[in-house]
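A.B. asks: Quick one: structure below, then a few questions.
The values are calculated or read from the model by the stated rules, or taken from the named source; none is laboratory data. Because the structure is predicted, anything quoted here is derived from the model rather than measured. FYI the Cβ positions are ideal-geometry reconstructions off the backbone, even for glycines, and counts take in every protein chain you see.
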Amino acid sequence: MDYVLIAFGVILIILGILGGVLPIIPGPPLSYAGLLLLHFTSKYDFSGRFLLIWGIVTAVVYFLDYIIPAWGTKKFGGSKRGVYGSIIGLLLGLIFFPPFGIIIGPFVGAVVGELSSGKDSSAALKSGFGSFMGFLIGTLLKLIVSGMMAWQFFEKLIVG
């Protein structure tokens, strides 16, 4: 049974890291679930405090992931269309222009979203930049947290 838990834990850790970049996958919660699966094996054990801290970090990052892009857009004068455009741009960028679409897609999508709401090109570029920066900060935060949990997972798995 331990091998099954470890195998599913590895899959969740990998999906968690992918979820740091792909907005459709909840990265940090999946990484945390991977840690829990390793914890439930008979050989590997994390302290309750360790699991509680990572649970809180996961919840905070998950919450911030929804707030930071909107904050960045609003900070630079953007609208909801800019945020939605950023998300759509990311998905289209991933599909049609990998790997650079991850960077270019959100910006272009935010600008198009702002232009579709009637803003002039200067205001659209400014709010598009804000949405893009918010997206990048959120993505970086998710990648760092998921990466740190992956490190903890594999360190425990290898070192014991």
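A.B. asks: Count, please, the residues in the range 106-131 that happen to be in contact (Cβ under 8 Å) with a residue 24 or more places away in the chain and touching a Gly at 6+ places or on another chain (Cβ under 7 Å).
C.D. replies: So the answer is 14.
A.B. asks: Here's a follow-up. When the range 1-40 is examined, which residues are found to be assigned to a helix (DSSP H, G or I), surrounded by fewer than 24 Cβ atoms within 10 Å (Cβ to Cβ) and under 9 Å from the mean Cα position of the chain (by Cα)?
C.D. replies: Residues satisfying the conditions are Ile17, Leu18, Gly19.
A.B. asks: Further question on the same structure: Answer with yes or no whether Gly93 is touching a residue at least 40 places away in the same chain (Cβ under 8 Å) and either in a helix (DSSP H, G or I) or touching a Leu at 6+ places or on another chain (Cβ under 6 Å) (or both). Show your work before the answer.
C.D. replies: Details: touching a residue at least 40 places away in the same chain (Cβ under 8 Å): no; either in a helix (DSSP H, G or I) or touching a Leu at 6+ places or on another chain (Cβ under 6 Å) (or both): yes.
Judged against the criteria, Gly93 is not a match.
Residue-by-condition table, conditions (1) under 30 Å from Met1 (Cβ atoms); (2) at pLDDT 85 or above:
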position: Gly48; (1), (2): yes, yes
position: Thr58; (1), (2): yes, yes
position: Gly89; (1), (2): no, yes
position: Ile103; (1), (2): no, no
position: Val112; (1), (2): no, yes
position: Glu155; (1), (2): yes, yes
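A.B. asks: Something else about it: Given the conditions (1) part of a helix (DSSP H, G or I); (2) surrounded by 16 or more Cβ atoms within 10 Å (Cβ to Cβ), which single one is not true for Gly55?
C.D. replies: All conditions are met except number (2).
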